[in-house]
Amino acid sequence: MEDLRYFLAALAVLVGTAFAVIGILGLVRLPDVYARMHAVGKVATFGVVLLTVAAVLVLPFGWSKGLVLIALLILGGPVTSHAIGSAAYRLGIPIKGVRRDDLARHRAGEAEL
């Protein structure tokens, strides 16, 4: 049973590290802050969650703390990415290759009021 736990922990470390590396590659390779926030907010969050699962599997007495940390990561990661993307938009950082900008129309309507 202990061997299975260590195998699952090693598998979670490998998959979590792969997710984190993909998120970092997205951070380096994508063209603008909005695409970068998408890569980091989604992919890296799942990578850190899987690394936390691996830590919890190896240290079984930390299940409660691990579950709370995982819940906070899942709730906080995308919210933080959205807040950074929203701040970048409000600062006027351009979007590369945009075809449709619904927020620009919404903000133009606010300016008319």
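Annotations for the structure displayed:
- Pairs where the first residue, in segment 16-32, is more than 24 Å from residue 57 (Cα to Cα) and the second is assigned to a loop (DSSP other than H, G, I, E, B), C-beta under 7 Å, 6+ apart: 31/96; 32/95; 32/96
- Scan of segment 71-113 for residues that are of a type in the set (A, V, I, L, M, F, W, C), in a helix (DSSP H, G or I) and at pLDDT 80 or above, ordered by number: 71, 72, 73, 74, 75, 79, 83, 84, 87, 88, 91
The values are calculated or read from the model by the stated rules, or taken from the named source; none is laboratory data. Computed from a predicted model, the values in this text were never measured in an experiment. Cβ sites come from the backbone with ideal geometry, for glycine too, and all protein chains shown count toward neighbours.
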